[in-house]
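We did not get these values from a lab; they are worked out from the coordinates using the rules stated. Here the structure is a predicted model, which is why all the values come from computation and not from measurement. All Cβ positions, glycine included, derive from the backbone under ideal geometry; neighbour counts span all protein chains shown.
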Amino acid sequence: MQAQAINKSPSIIRQALTVNKSPFPWLKAFLAGAAAGLPIFIGLLFDNLHYGLIAGLGGFAFLYVFPIPYAQLVKKLTWCVLGITACVFLGTLLAPYPIIVAIMMGLIGATAIFLFGAFRLVGPSALFFVLIFAMTSGMPIAPEEAFIRAFLAFLGGLLSFVLAMSRGFFNPYGPEKNIIKRSYNVLADYIESIGTGLESEKQHEVLITLKEASQILASGYIPWKKNDLFTHLYVLNTYANKIFLYTTEEIQGKKDMIPLEISESLRMISRLVDSKNIKDDALVELPHPEAMDETIAQLYMEINEAKDSLTVSSSSLKDQVQIKSISPNRIILGAFDKNSIVFINALRFGFFTILAAIIAYEFEFNRSFWIPLSCVAVMSGATAVATLHRAIQRSLGTIFGIIIASAILAFHPTGFMIALLIFLLTFITEMFIVKNYGLAALFFTPSALIMAEAGTTGDYSFMYFASARLIDVVIGIFIGLIGVWFVGRRSASSRLPHLISKTIRSQAQVLFALFSEQGFHQSYRKDNILNKMETNITNLTLIYDTATGEIPKDKKSLEYYWPIVYSIQEVRLLIREMWKIEKPTDVK
C-alpha cells in the first residue's frame, strides 16, 4: 500500500499548479519591464499617452526572448517585431469590419502556430500576435492612422530587440555553454543515482536535457562562422550522448553504486566549460577510481576522451561537427504536408479562433475581442497535442488576472502611474514565467488590460468591469477547451509507436531509392521520398517533445523510445549526406 501511495501521480490540477524550482531571471525581467514601460514613459514626456501605449505594444516582442542561441534569437526577434508591426497595421485598417477582423484573427493565430511549430521555436507563439491585433482593432476606429500606429509599434519592438541583443555582446555563446554544463551535471546526478532506486527519474531528466542540448546547438550553428568554443561544445555534446547511451545499455540496473570519482569527473568537465583558458585547464587529471570493472573502466575512458577533446585544436575536430541546416523553404513546404501535425493543428487553431471571434462580434459583447483572446490563451502553445494542465494554468491565470486589473483600473490610474504599472507587471510576468505559466498569466493579463483600457474614457467600476471581463473569459475558455479537446484527445506518448514505425519505413524507402540498381528513385518527382521522410521525422520530434511535457508523463515509454528517436536523427544526417552524393545530376 505504501509503495502504491508513493508511485501514485498527483492530480492533474495539482501538477498544473506546481511551481518549478528554476531561479528568478532578474536581469531578463528588468529588461522586459523596460521594453514595455519605457515607450509609455517616452510618450508621456511628449504629452501623448495614446502614442506611448501603442509603442508599448512593441514591447511584447521581448516576451519572445528565451535562452536560445543569439544566432537564432536575432532572426526570431526580427520576425516577431515585423509580425507585431503588421498586426497593429492590420488591426487599425480592418477595425470597421468585425467579420473580417474575426477571420483575420484566426489567420494570424494559425500562421503563428504553424511557423512556431514548423521551426520549433520556443515561446508563446500566437498569443501576443492575436492579442495585439485584437487590442488594436478595439481602439477608436481610425484607419487613416494605420501607418503611424504601425510605425510606433515598430519603434517599441526595435527597443525590445536592442535590449534583448545587448546581453549577447558579453557572452555570445552563453546559452550553448549553459546547456552543455547542465548536460554534464545531470549526467553526474544520474550516474550517482544508479543503485539507489532513483535512477529512473534522473534518467528522464538527462534524456530531456540532452534533447534540448542538441536542439540549441543546431539552432546556434552558423556555417560561415568558425568558432573554436562552439566546436568544442558540439563535440562535448556528442560525448555526453555516447556516455548516456553506454550507461543505460551497460551499467543501469547494477545493484552496486558507481564510484563517486565518475560523477565528479563529469562535474569537472562542466566546470571547464566556463574556463577562460579552456585548453590549458583541460590538461588536469580526472579523479581516478581505486577499483573498476570492465564496464566502469570503459565509461571512465569515454569521460576522459570527452575531457581530452577540449585540449585538441578545433580544426582537428571540425569533421565531427555534423550539422546540416535545412532551408526555410523546405521546412515550410514539409510542414504544409497533409500529414503534418503542425499544419493540422494550425488549421484547428485558426478555426476555433475564428469561431470564438464571430460569436463575440455577432452577440455584440462589450469589448468583444476578449472572448477570442481567452480562447487563444487556452489553446496557444500546443504545437502538437494540447494537454489539459496547460488549459488549467491559462484559465486560472487569466481569470484572476482580470480581477487584479479590475481592482487597479477602479482607481483610475493616469500618466506615469500607468507606465510604472506596466513596467512592474511585465517585470513580475518574466520573473514567474519560469516558475509556472499560470502565475505569469496572472500578471500579463492585467498588463494587457491596462494597456487596452487606459487610453479610453470608460467607467472603471470594479464590479462592472470585472463581471463583464469574466463573462468574456469564461465564454472564451469554454470554446478554447473544446478546441483543446479536438486537438489533443489522444496523448502524445500513445502516438509514438506508430510514428516511429512510420518514420523508419520512410527511411528504409529512401535507402532503397539510393542503393537500388533499378533506378527506382528516378520515377519520383524531385526529392519526393526524402521530403516524406523529413515530414515524418518532424512529426515524430514534435510528438516526442510534447510527450515530455505531458502530465502525467509516461516516463518508461519516453526512456525506452529516446535511443530510437536519437538514432533516427543520426540516420537522418547520414541519409542527407548520401543523398547529395548518390542523387543523379539530372534530378533537380
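Summary table below
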read-out: Distance in nm between pseudo-label sites at Leu158 and Ser313 (7 Å out along the Cβ direction from Cα); value: 4.5
read-out: Peptide ranges 58-67, 206-215, 556-565 listed from the most packed, as the mean C-beta count within 10 angstrom indicates; value: 58-67, 206-215, 556-565
read-out: When each of Lys21/Lys202; Lys211/Lys242; Lys225/Lys276; Lys181/Lys242 is checked by Cα-Cα distance, pairs over 19 Å; value: Lys225/Lys276
read-out: Two-site label geometry, Arg120 and Thr414: point separation in nm, points 7 Å out along Cα→Cβ; value: 5.3
read-out: Separation in nanometres of the label points that stand 7 Å from Cα toward Cβ, at Phe30 and Ser200; value: 4.5
read-out: Exposure proxy order (Cβ contacts within 10 Å, fewest to most) of Asp472, Asp274, Asp545; value: Asp274, Asp545, Asp472
read-out: Label-reachable residues, the stretch 260-290, where backbone N falls under 12 Å from a point 7 Å from Ala297's Cα toward its Cβ; value: none
